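Structure first, commentary second.
The values are calculated or read from the model by the stated rules, or taken from the named source; none is laboratory data. Quick caveat, the model's predicted, so the values are computed rather than measured. Cβ placement follows ideal geometry from the backbone for every residue including glycine, while neighbour counts extend to all protein chains displayed.
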Amino acid sequence: MEQTPMTRERLFALRETIARLENENVPGLLKAARKGAPEGFEPAGSRDFSRHVLPLGIAALDDVLQGGLPLAGLTEIRAAETRDAGAAMGFVLALAALCQRVQSADAVSPILWIGQGMTGAEAGVPYGRGLQAYGLDIGCCLFSSPRTIADALWIAEAALSVPIFRAIILEVRGNPAQFGLNESRRLHMRARTGHVPIFLLRQAGGEEASSALFRFLIAPSPATGRPLPDGSVLAGSIGNPVFRVTVEKSRAFAPLELLMEWSSHARRFRHPVPETAASPAKFQPAYSVAELSASAGGPGGADEMGRIVAFQKAS
C-alpha cells in the first residue's frame, strides 16, 4: 500500500521516539530514510560498501546481496527441520571462516558462538578438531551455552556493545515467544552501531517477521566425489559439503535458490562439480566371476519349468 507523506512522517517520528527510548545512535539512518532511502538504509553513494560487505564468491548470490554479506547487521540462517540443522550449522561456520580470513594478522578478533542449551541437545555442539578441519582458527573461537533464550539475548547484546568480536553467532531453537521482531531489531541496530555481523542460526524454525537484512533457508545436498589430480573423481568417495541455499529475504524481487560447495582447504565457496563430470565409471571387479542367478519367482528370474507330473508312490 502506498504511503502518504503524512504517514511516512509519522513513521519516522515513531522510529526516532523508539531510538531515544532504547538509547540507540540511529538518527543518521533515519535522516537518510527521509531523503528517500528505503526502510531506513543509507543510500549507496553515502558510504563505501566495499569495506562493509564480505563477498561469498558466487556471482549470482553476491549480486542479490549487493556485493556480499553485510559485515554490520543481522543475518538469519534457518533450517526448516531438525534433520537439516547440521547443514545450517555448517553454512554458518563457513561464513565465520570467511570472516576470519579477511581479518589482518595484527588485529585478530575472536568468533563468539552463543548456543541455547536446548539447541545443543537437539543438534549437537561444535567440536574443536572438526572446526579446525573445516577451516576455522579454533584459537580465536569462544563458546557460550546459556540455559534460557533470555540469557542468550542478554549475552548477544552485551557482546555487540563491545567491538572486539569478528562475528557473533546466536543459535536458537524454533520460534520462541521471547525472541520476536522487537528483539531482532535491537540486535540489528546494535550490530550496525558496533559494525559487527551477527548470524542468527534458527533450528527447525519457520518464517517470521524479522529485522534481518537477509534470510537464508539451508538444506543439505548430495556431495560430489573427491576430485583427483587428473581431473577424474575417486569412485565411492565423499567430497566437500554442498548446501542448497534459498535466499528468502533480500532486496531482490524473487527468491534465489542455488547450490554452494564449501572447500575447507581453500576456505571459500564455489559452484559444485556437475554430476555428469563427477559420476564415476561403472565399477569393474579385479577378478571376473560368474553372476549369481536371480531368485526364483522374483523379477528377472528363470522361466517356469512347466506342469508338475504326479507319480504313484512306490510300494
Practice item. Sort through Arg129, Arg173, Arg166 and tell me the only one that's under 20 Å from Asn240 (Cα atoms) and in the same structural domain as Gly57 (by TED's automatic domain parsing). Key: Arg129
Review point. When region 235-256 is examined, which residues are found to be under 29 Å from Asp137 (Cα atoms) and either touching a residue at least 40 places away in the same chain (Cβ under 8 Å) or assigned to a strand (DSSP E or B) (or both)?
Key: Pro241, Val242, Phe243, Arg244, Val245, Thr246, Val247
Check your understanding: Of the residues Leu259, Leu200, Leu217, which single one is surrounded by fewer than 19 Cβ atoms within 10 Å (Cβ to Cβ) and either in a strand (DSSP E or B) or at pLDDT 90 or above (or both)?
Key -> Leu259
Exercise for review: Residues being at pLDDT 95 or above and part of a helix (DSSP H, G or I): count how many of those fall in region 63-83.
Suggested key: 0
Review point. Quick check: is even one residue across region 176-186 aliphatic (A, V, I, L, M) and within 22 Å of Ile149 (Cβ to Cβ)?
Key: yes
Practice item. Examine region 40-52 for a residue that is at pLDDT 80 or above and within 28 Å of Ala254 (Cα to Cα), and state whether such a residue exists. Key: yes
Point to revise | Failed item in (1) within 18 Å of the chain's Cα centre (by Cα); (2) crowded, with 23+ Cβ neighbours inside 10 Å; (3) farther than 23 Å from Leu54 by Cα, with Ala167 passing the rest | key: (3)
Practice item. May I ask you to verify whether Gly128 is surrounded by fewer than 14 Cβ atoms within 10 Å (Cβ to Cβ) and in contact with a helix residue (DSSP H, G or I) (Cβ under 7 Å, 6 or more places away or on another chain)? Key: yes
